[in-house]
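A.B. asks: One structure is given below, represented as structure tokens, and several questions about it will come after.
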Amino acid sequence: MAKEKDVKKQKKADSAKEKSTEKPTEKTEKKDGDTKKAPVNPLMHWVIVIVITILFAGAGVGFGLILTNMSVAKTTKKIQQQQKDTKQTEDLTTEAAVEAKINEITQTKNLNEKYWYCDIDPVVANLDVPGVTRYVRATLTLKISSNMNEEKGLLILEEKKPLLTNWLTIYLASLNLDDVRGHRNLKRIQSQILDAFNEKLFPDAKSHIKEVLFKEFAIQ
């Protein structure tokens, strides 16, 4: 009986020993199975690298194009502004040159051309002012080109003096106080008298009166 018991105990011990040696093996196998991963495809790796490279390259090209376009636009604007400034400078230079040439010609002409002067008898006329008597007294001096012989010119003026006096009296009587006040109005009156006198004195010839001067222009 004792031997049988010893045999059973020995079998149980052997059985327990076998189980203890088998379990770690199973766990190890499970752990080994868990740590296994699917192999990576090398082709896929290179495809990803190429795609990323293309994306970065495209972004770089796009950014470069933007910078290039901005630089071109800035340069174009600068060139246009320079051309505009140059044109304005040329226009001012041309205008100044033309004006200087005109002044030179005028001065040369004035130096070469001589004049003689003739006084016109004073003319008194009532102004066109309703309800009150206001009059103007005007004495004129005519500046006449030397192209008109002075002796001949004085004879023409003496002959047509009544026509000039009559026209001037009627003209002044048509003016009101506002018409005879101020520098601009006086220049306008001089210009109108000049045209009228040239027309009456030299109707079929060149105008020889170059300027009408006020020796007296009094309003009372």
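A.B. asks: Place the peptides 73-84, 122-133, 160-171 in order of packing, highest mean first, counting for every residue the other Cβ atoms within 10 Å and averaging per peptide.
C.D. replies: 160-171, 122-133, 73-84
A.B. asks: Expressed as a rounded percentage, what relative contact order does the range 115-219 have, with Cα pairs under 8 Å and six or more residues apart?
C.D. replies: Here the relative contact order equals 39 percent.
A.B. asks: Rounded if a/c is under 1.5, else prolate if a/b beats b/c, else oblate: with a ≥ b ≥ c from the C-alpha gyration tensor eigenvalues square-rooted, which is the range 115-219?
C.D. replies: Because a/c hits 1.5 or more and a/b exceeds b/c, the range 115-219 counts as prolate.
A.B. asks: Treat each spin label as a single point 7 Å out from the Cα along the C-beta direction, and report the residue 75 to residue 188 distance in nm.
C.D. replies: The modelled label-to-label distance comes out at 5.9 nm.
Read-outs throughout are calculated quantities, based only on the coordinates presented, and are distinct from any laboratory measurement. These figures come from a predicted structure and were not determined experimentally. Because the Cβ atoms are built from the backbone with ideal geometry, glycine has one as well, and the counts that use them run over all protein chains shown.
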